[in-house]
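The values are calculated or read from the model by the stated rules, or taken from the named source; none is laboratory data. What you see is a predicted model; the values in this text were computed from it and never measured. Glycine also receives a Cβ, built like all others from the backbone with ideal geometry; neighbour counts cover every protein chain displayed. Just so you know, the surface numbers come from the protein's heavy atoms only, side chains and all, with ligands and any DNA or RNA stripped out. Shrake-Rupley method; radii C 1.70, N 1.55, O 1.52, S 1.80 Å.
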Amino acid sequence: MIKAVRGTRDLLPPETALWNFVEAAARDVFRAYNFQEIRTPIFEETQLFARSVGEETDIVSKEMYTWEDRGRAQSDKGQSLTLRPENTAGVVRAYIEHKLWERGLSKLFYIGPQFRRERPQKGRYRQFYQIGAEAIGPATAGSESPARDAEVLELLATFLDRLGINDWNLELNSVGCPKDREGYNEALRKALEPVVGKMCADCQRRAVTNPLRVFDCKVPEDQPIIETLPRIGQFLDEGCRQHFEQVQDILKAVGVPFVLNDRLVRGLDYYTRTAFEFTHGALGAQNAILGGGRYDGLSESLGGPSAPGIGFAIGEDRLVLALKESAEAVMRKPDVYVAPLGAGMNREAARIARELRRHDVVVEMGDETFRLKKSFETASKMSAKFALIVGENEVKAGAFALKNLETGEQVSVPRGELPQKLQSNRNS
RNA sequence: GUGGGAGUAGCUCAACUGGCAGAGCACCGGACUGUGGCUCCGGUUGUUGCGGGUUCGAUUCCCGUCUCCCACCCCA
């Protein structure tokens, strides 16, 4: 038997209803904040990710699905292509390619699959889905304003509340400008040098490859040492410090709760200033449901004009996982199950069903060979609200037996009144 | 990529140290020829993940492999 490949999966009903529910809520919220949809290709030139995400990151160095395309002639070497491991790079590429800066501030959102060749785990797949957004544009259009950061964070809080996820936690930090980080990295290395020998093996490795990661250490014995290390906050220049303070001010003004976490350092190279993460309990080690931040230099590093921006990506798989119990509840149930009864009744049932569907009634239909008992069983199994009997008696009388499957009440309804009657008594 | 755990019916799970593959739920049919949920009866539940080995005999023991789960790495 051929199965879905490792790390990929099929999404089946009723769970797909939940995905639609989440995406519809996202689109609603995006509309309120005036974000518009962008769709970029799911594969791009490999160079795009190498230059934006960072050559040295794990994503680029070992988690990408990369292949060499064929050239025009059989003998030609093709270009190196890669399935997108995230969507910010593609959006910024499109921003530059289509000169979107001519339109002022661009507020764009996307919903779609991304690909990383990681070891699968619960809520972590090789084809996974992200809902994300980017606010990017010339600084003169307000793209650099702390108001943008606060707006994006508020949007996210609104979105999670809308989904009924109340126990989220917003963690906030500023990682400063590239200059600040350079100074900080140096200071961190210096501070680690004399103490690293006393730390765990993982930290010793991190100290060399990526000192910022030392803050992720969970070994209790290392914590006292980590407490003594310098923090990025001490290295922020005046501009970054003020920017960060204003973000916090606005968040307080609009009532979005947050906690400062000066250990929060985002993994991708392009992040500057504001960095954030929303976490949610009960997701195990994979407790982050979304993350994002500001990337003021990304456009330029991809050959575009100066275009500060801020964005985020929501891990839709994990979000849905957190909502899983409500899958049944959001699935649209049939309003009526039409039960043809007896030879020749399929024709009349089809006519009635067609008319009802034109009136936006959700209709499921049986077959004239089904015994009435079976039709009723099937109807109640799928939680249809009504069952409509289409038999010879009804056709003769011009009125049809309509039974409410929740109350058991049954009435005879003239054919002409059926659409009206069912329309005003819809499910959900 | 590293370490550990697990794969048996559509689902959740049993099968003492190797001895005829089971239960509940779900599904289909009947009791009930035009009325569901309750009850009773009957039925399929199946390449025990896949491949090899040991054995008279393997769901069980051994090797390989695939997938899922947990942790690490990293990240959404």
- Message: With the crude spin-label approximation of a point 7 Å out along Cα→Cβ, what separation in nm comes out for A:ASN166 versus A:ARG371?
- Response: 4.9
- Query: Between Rg and the Kirkwood Rh of the stretch A:332-423, both from Cα atoms, what is the Rg to Rh ratio?
  - Reply: 0.91
- Per the helix-only calculation at 222 nm, which mean residue ellipticity applies to chain A, given -39500 (n - 2.57) for every DSSP H run of n ≥ 4 and division by its residues, nearest 500 deg cm²/dmol? -10500 deg cm²/dmol
- Excluding residues fewer than 8 places away in the same chain, name every one of the aspartates and glutamates whose C-alpha is closer than 15 Å to that of A:LYS396. A:GLU348
- Sorted on mean Cβ neighbours within 10 Å (highest first), peptides A:410-420, A:380-390 come out as A:380-390, A:410-420
- Cβ-Cβ FRET estimate between A:LYS381 and A:ALA288, R0 fixed at 41 Å, reported to 0.05: 0.55
- Query: Hey, in the GNM for chain A with a 10 angstrom Cα cutoff, which one of A:PRO257, A:PRO120, A:PRO334 fluctuates hardest?
  - Reply: A:PRO334
- How many angstrom lie between the C-alpha centres of the stretch A:112-154 and the stretch A:313-377? 37
- Message: Counting only protein heavy atoms and a 1.4 Å probe, tell me what percentage of chain A's accessible area is made up of carbon and sulfur.
- Response: 49
- Would you work out the charge dipole size for chain A about its Cα centre, treating the Cβ of every Lys and Arg as +1 and the Cβ of every Asp and Glu as -1, and quote it to the nearest 20 debye? 1340
- Message: Using 0.36 nm times the number of residues separating A:ILE2 and A:VAL219, minus their current alpha carbon distance, what extension gain do you get?
- Response: 73.9 nm
- What does chain A give for Rg and for Dmax, in Å, if only its C-alpha atoms count? 28.1, 96
- Task: For A:ARG117 and A:CYS200, calculate 0.36 nm times their separation in residues minus their Cα-Cα distance, and state this gained length in nm to one decimal.
- Result: 27.1 nm
- A:GLN423 and A:THR140 label points (each 7 Å along its Cα→Cβ direction) are spaced in nm at 5.4
- Query: Between A:ARG358 and A:ARG31, what is the spin-label point distance in nm, taking each point 7 Å from the Cα along the Cα→C-beta axis?
  - Reply: 2.8
- Item | Residues listed by number, the stretch A:102-125, amide nitrogen under 20 Å from A:TRP67 label point at 7 Å toward C-beta | A:113-119
- Set A:LYS381/A:LYS403; A:LYS385/A:LYS421; A:LYS373/A:LYS403; A:LYS122/A:LYS324; A:LYS373/A:LYS421, cut-off 18 Å on Cα-Cα distance; pairs above it are A:LYS373/A:LYS421
- Per residue accessible area of chain A, 1.4 Å probe, in Å²: 50
- trypsin sites (Lys or Arg not before Pro) restricted to DSSP loop in the stretch A:218-290 with at most 10 other C-beta within 10 Å: A:LYS218
- Task: Please give the FRET efficiency for A:GLN246 paired with A:ARG9, using the beta carbon to beta carbon distance and R0 = 51 Å, rounded to the nearest 0.05.
- Result: 0.75
